[in-house]
1. With each pseudo-label sitting 7 Å past Cα toward Cβ, what's the residue 22-residue 234 distance in nm, one decimal?
2. Got a sec to turn the phi values of region 190-206 into Karplus ³J(HN,Hα) couplings, 6.51 cos²θ - 1.76 cosθ + 1.60 with θ = phi - 60°, whole Hz, x for Gly and Pro?
3. Which order do 136, 227 fall in if you start with the one that has the fewest other Cβ atoms within 10 Å?
4. By the scheme Lys and Arg +1, Asp and Glu -1, what is the net charge of all other residues having a beta-carbon under 15 Å from that of residue 123?
5. With a sphere of radius 13 Å drawn around the Cβ of residue 327, what net charge do the other residues whose Cβ falls strictly inside it have (Lys, Arg +1; Asp, Glu -1)?
6. Mind checking which lysines have their C-alpha under 25 Å from residue 220, skipping anything on the same chain fewer than 8 residues away?
7. Match the structure shown to one of the listed values [x] 28, 55, 17, 0; [y] 26, 46, 22, 6, 0; [z] 32, 56, 13, 0 of P(r) over Cα pairs in 20 Å bins from 0, in percent, computed from it, and give that label.
8. Summing +1 for each Lys or Arg and -1 for each Asp or Glu, what net charge is found among the other residues whose Cβ lies under 13 Å from the Cβ of residue 165?
Amino acid sequence: MADVVLAIETSCDETSAAVLVDGCDVRSNVVASQESLHTRFGGVVPELAARAHVESIRGITEHALATAGFSYRDVSAIAVTDGPGLVGSLLVGVAAARTLAWLLDRPLVAVDHIEAHAVSAALTPPAVGAARWPAVALVVSGGHTSLYHVGDWLDVQLMGQTIDDAAGEAFDKVAAILELGYPGGPLIDRLAREGDPAAIHFPRTRPEGDSLDFSFSGLKTAVLYHVYGRGRKYGSVAHLSRAQLADVAASFQAALVEPLVERTIEAAQRVAAPRVVLGGGVAANGALRSGLTRACTAAGLELILTPMSYCTDNAAMIALLGHQLWKAGRTVDLDLEPRSGLRRPARTHG
């Protein structure tokens, strides 16, 4: 009899459900985006996100099962994101998963959202579910920028993370400064192709010592002052031409991508990992993908890029890691509660 994992992901503003069979066959991965709901606010509004999850969670879950050709009674285990993320959003998914686990009398598995991104490279065809470890994983999204050492499926150790703004958050804030719209990542990536990444020297901040952490708050402020004037927090881009805006976008993107690439290579060398994997929503950024490709080639490292369809938040990656946790006996009780923060503190590998 097949192992059928039904997974639910509601950590932020995507409602997603997926069905994975035998740990390697993604039968469905349904994602409902709330982008149009939050665009006019220039970012995700937690209360609106939670309400939207409530409205769509049942339909998305049933659609995922129907697309996969299964019914609720065919499900072997339920996997759900329990954090990190927006607590209100997480609560919707956790409540749905707990209810299904109780009604169906099936095991419940709690999956860390960022750790799922870290292993999402195993969703790469043709051998979906095949181990890609050991590896260093760079997870770059709107809410998180983290480096992990992935020894195997159940050994995912945090090596470094942002100490302020996440990369995706910096993209959104700079896009707002440049009056490009939301979400900022794709818009800046597109505009940057027209500009010169060396036109403006924006700072590359690095925490002291041998830390593998990131910091992008100073970079965001540097862009703000460059556009509006030193010390000014408000202004407009009316005085800038399209070419000048493109140079700002390209130079900002270069200043953000460079430390991501450098620290990832450094992390891989510290733990002698033979490969690097890239995941998270910002993993779709063209400059990051090309920069990491060149750096890994130069360092003799294998690079595995998570497929674009699995870069943004999705339940397929939750099902993938959930299957491994379930098989290892790492299930949870029905009193599972969501958490907003990371599960463990950063570790230094040397």
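1. 6.2 nm
2. 5, 5, 4, 5, 8, x, 9, x, 9, 5, 10, 8, 8, x, 10, 8, 9
3. 227, 136
4. Overall, the nearby charge balance is -3.
5. -2
6. 173, 233
7. After the calculation, the listed value that fits is [z].
8. -2
FYI, it's all coordinate maths here, none of it is from the lab. What you see is a predicted model; the values in this text were computed from it and never measured. Reconstructed Cβ throughout: ideal geometry from the backbone, glycine too, with neighbour counts over all protein chains shown.
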